[in-house]
1. Condition first: open to solvent by 10 Å² or more (accessible area, probe 1.4 Å) and not hydrophobic (A, V, I, L, M, F, W, C). Now tell me which residues in segment 186-213 satisfy that.
2. Of the conditions (1) open to solvent by 70 Å² or more (accessible area, probe 1.4 Å); (2) in a loop (DSSP other than H, G, I, E, B); (3) acidic (Asp, Glu), Glu44 clears all except one; give me its number.
3. With respect to Tyr584, is the statement that it is out of contact with any Phe, Trp or Tyr (no Cβ under 7 Å at 6 or more places or on another chain) and farther than 26 Å from Leu529 by Cβ true?
4. Only one of Ala222, Ala232 is on the phi > 0 side of the Ramachandran plot, small (Gly, Ala, Ser) and open to solvent by 20 Å² or more (accessible area, probe 1.4 Å); which?
5. Of the residues Ile386, Ile365, which is modelled with pLDDT under 85 and either surrounded by fewer than 19 Cβ atoms within 10 Å (Cβ to Cβ) or on the phi < 0 side of the Ramachandran plot (or both)?
6. Consider segment 44-68. How many of its residues are more than 11 Å from Val25 (Cβ to Cβ), small (Gly, Ala, Ser) and modelled with pLDDT under 90?
7. Within segment 129-171, restricting attention to residues that are farther than 12 Å from Leu198 by Cβ and assigned to a loop (DSSP other than H, G, I, E, B), which residue is most open to solvent (accessible area, probe 1.4 Å)?
8. If I ask for residues that are surrounded by 18 or more Cβ atoms within 10 Å (Cβ to Cβ) and in contact (Cβ under 8 Å) with a residue 24 or more places away in the chain, which ones from segment 457-475 would you list?
Amino acid sequence: MSSPLLTTEDLSIGYVNDQAEPVAVISSINLTLGRGETLGLVGESGCGKSTLLLALMAYQKAGLQRLGGRLEFLGEDMVAMSARDLQKLRGGQMALIPQNAGQALTPTMRIESQIFEALRLHSNLGMAAWRSRSIELLERVQLARPGEMLKRYPHELSGGQQQRVAIAMALAGEPDLLLLDEPTTGLDVTTQVHVLDLLRDIVAETQTAMIYVSHDIGVISAVCEKIAIMYAGELVELGEKQQLINQPAHPYTQGLLDSIPKLHQSRLPVGMEGRQPQPGLRDFSSQCVFLDRCGHAQPICEQSKPGLLKLPGQAVKCHFGEQTLALKDLATGSQVAKPEGFSKVVLQVSDLCVSYDRPSLKRRIMGDKADLTVQDIAFEIRQGEILGLVGESGSGKSTLLKTVAGLQQPLSGSMVLNEKFDLSYAVGKRAPECQQRIQLVFQNPDASLNPSHTIEEILARPIALYFGGSESAISEEIDQMLERVNLPVAYRHRYPGQLSGGEKQRIAIARALVAKPDLILCDEITSALDVSVQASIMKLLLRLRDESQLAILFVSHDLAVVNALADQVVVLQQGRIRESGRVYDVFSSPEHEYTQSLLASVL
């Protein structure tokens, strides 16, 4: 039997607090990985997945340090390696593929220069062979016209193309181990499938081992043979893929699985209440780390920390791991009622065409017309209705959303709000009442919430802008809104940086709701969230819709989420509507081949 490729024994990473006490961010990690093996690392944001991934390269973020344990690569102690040897190892025998390839690639360098740099640092090839090897690498990751691709800058590539370039650069050093940090988050379903197929092929052909970090068990199960579940810095369950998914032995694993929306079920996922503890705020050395969120906790869970219980095909940190297996089918999501009809039309879009192209005078004289980004779009949303807008990246979803919001002007066609407001004008030229009645929630709340303002200031501004009122009345309105989005009133004094991703998204939704809109535009607002947080946001949206009879235009590449939330769906491809109708009808019996291919790509 060959020696393992990577081994950790009781590896702990953390910091030393003001009282000179060690505080673990990840604690007592034990992993063994052989050549060609694939391991998925799953858990909610903040559980320590990315910290562990960096620690496996013997790297810690500023302020962190190794508190104890062993880390070996091919039998060598990585902690004892010199900085020069570690630099040679990273990017060579061990390569990292980051979550956001667009940020990882240098924007001012052509793709050719960036791959050349990887070859110079991590291969034995001479300069004369760099170009041919670069073309070979781009062909390996299935990029068309590799010679042309080498001359491009990162911003000239799509998200999927950027991710493939990042994979090509990682392969330049012919690594034994690939470390992947959420590399398909944010990609549409078809691009995601292509990237995952590529990774499977690389493992099969080169026997490269892989550790894949994600909060999406569906993605992990498509590409990994083993899965490790991480919670609050600890590995709470580890096992073979099929065993762990079909028979999860830890309540947290069950909670994650129950939080995933299913394309074949028109029901909300269950979701999990509460949030995982932050490092250092509580001592879990003598109790179960999942105690506060577990619905099956017993006195022993508070009195004794569970050890690693070994079961057939898996191992679990739970006092009641064997009994937990029997609880697998108890959790069920709530059925979502899909109304048959709605009342007044809130938004009517007819023959809408949008273009970013502005032909020059010469082109117009020659009879050239602008290239259309979206063309002949027609749909309507009624009061209390959710319309899902789906399609691959580049299909025109965000362009259409920005046009309705007034951030992009249409070339032709009409958009009418409440049968009286013409939306063909830019947002700055729309009447104040029209601005108030349409609100936009962005994909990334970090980019839309002012980090220097408190939550109170963020929510007070639209109230004062649209309605005025006394300071006490505005304060009362803020308290009521925080309660509506299931956040403590005390959060009004916090800043966005003090909130989790899901909490920030709730504040973004609250800011839209305080304007008392008739229509909310949601741009991929659940795509970057943990499945448990995503489930709670979906439940919140449906409740708010029912309470206020809101109309919601929901843009997403996640068909399962749209299936659980939306009443109607519009399928876009290359700026044109390929299919539309009731969600159940379209998803259960798709007529257009493009819709069929999207549904077939769902993991």
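The values are calculated or read from the model by the stated rules, or taken from the named source; none is laboratory data. Predicted model only: the values in this text are computed from it and were never measured. Note: ideal-geometry Cβ built from the backbone for every residue, glycine included; neighbour counts use all protein chains shown. In case anyone asks, the SASA skips ligands and DNA or RNA and just uses the protein heavy atoms, side chains included. Shrake-Rupley method; radii C 1.70, N 1.55, O 1.52, S 1.80 Å.
1. Scanning segment 186-213 gives Gly186, Thr190, Thr191, Gln192, His194, Asp197, Arg200, Asp201, Glu205, Thr206, Gln207.
2. Condition not satisfied by Glu44: (1).
3. no
4. The conditions single out Ala232.
5. Ile365
6. 2
7. Taking the candidates together, the pick is Arg145.
8. Listed by number, the residues that qualify are Ile458, Leu459, Pro462, Ile463.
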